[in-house]
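Down below is the structure, laid out as C-alpha cells.
Each value in this text was obtained by applying a stated rule to the coordinates, not by laboratory testing. No experiment lies behind these values; they were computed from the predicted model shown. Glycine gets a Cβ as well: all are built from the backbone with ideal geometry, and neighbour counts include every protein chain shown.
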Amino acid sequence: MIHVFKVNDGSWVFSGSSRPSNMTGEDYIEGVLPEGETWDVEYEYTCVDGVATKGDLIEWDREALEAEIAANRYKEDRKNEYPSIEAQLDDLYHNGIDGWKETIRAVKDANPKP
C-alpha cells in the first residue's frame, strides 16, 4: 500500500495500490509506516522525512455524516435504476428523444431529490 502526503505540510492525501499520475513531482512524497505498524483509517497521519506518523483519533460527527449520506442516496438509487447506455441508445433510436426523456423522467420521479 502506498501512502502519499503533501510535502508542504506533511498531510495525508491518498492511499492505494499505485500512485496517481497527478500526485507526482516535488509537491508529494510517499510515507512509509514504521515497521510492524498498519494503517488505521480511524486516525490522522502526517509524514516527516518519509515516515508516516499516526496522529490523533479522527472525531466523526456521525449525525452529520449520516445526514449527508441520506441527502445523496437518491443519486446512487437513480444510477442503479437507469437503463444501460446501450438500452438508452436503443430507446432513442426507436422512440426518439421524447420517449427517452419519459424513460429517464420515470427514474427521476421514482427517486426524487430530497
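Every helix of 4 or more DSSP H residues in the chain counts as -39500 (n - 2.57), and over all residues that averages to -14000 deg cm²/dmol at 222 nm. Each Lys and Arg adds +1 at its Cβ and each Asp and Glu adds -1 at its Cβ; summed about the Cα centre, the chain shows a dipole of about 540 debye. The P(r) of the chain has a tail past 25 Å containing 54 percent of all C-alpha pairs.
Taking only C-alpha pairs under 8 Å that are 6+ residues apart, what is the relative contact order of the range 12-114 in percent? Intermediate values should be presented prior to the final figure.
Numbers: 62 pairs, mean separation 19.4, N = 103.
Across the range 12-114, relative contact order equals 19 percent.
Candidates Tyr45, Leu89, Val7 compared by Cα position along the dipole of the chain: farthest toward the positive end lies Leu89, with charges placed on Cβ. For Lys108, a cut-off of 30 angstrom between C-alpha atoms picks up these lysines, skipping any fewer than 8 places away in its own chain: Lys75, Lys79.
A cut-off of 5 Å between modelled amide H atoms, ignoring neighbours fewer than 5 places along the same chain, links Val13 with Val4, Phe5, Lys6.
On the basis of the beta-carbon distance and an R0 of 22 Å, Asp27 and Met1 show a calculated FRET efficiency of 0.60.
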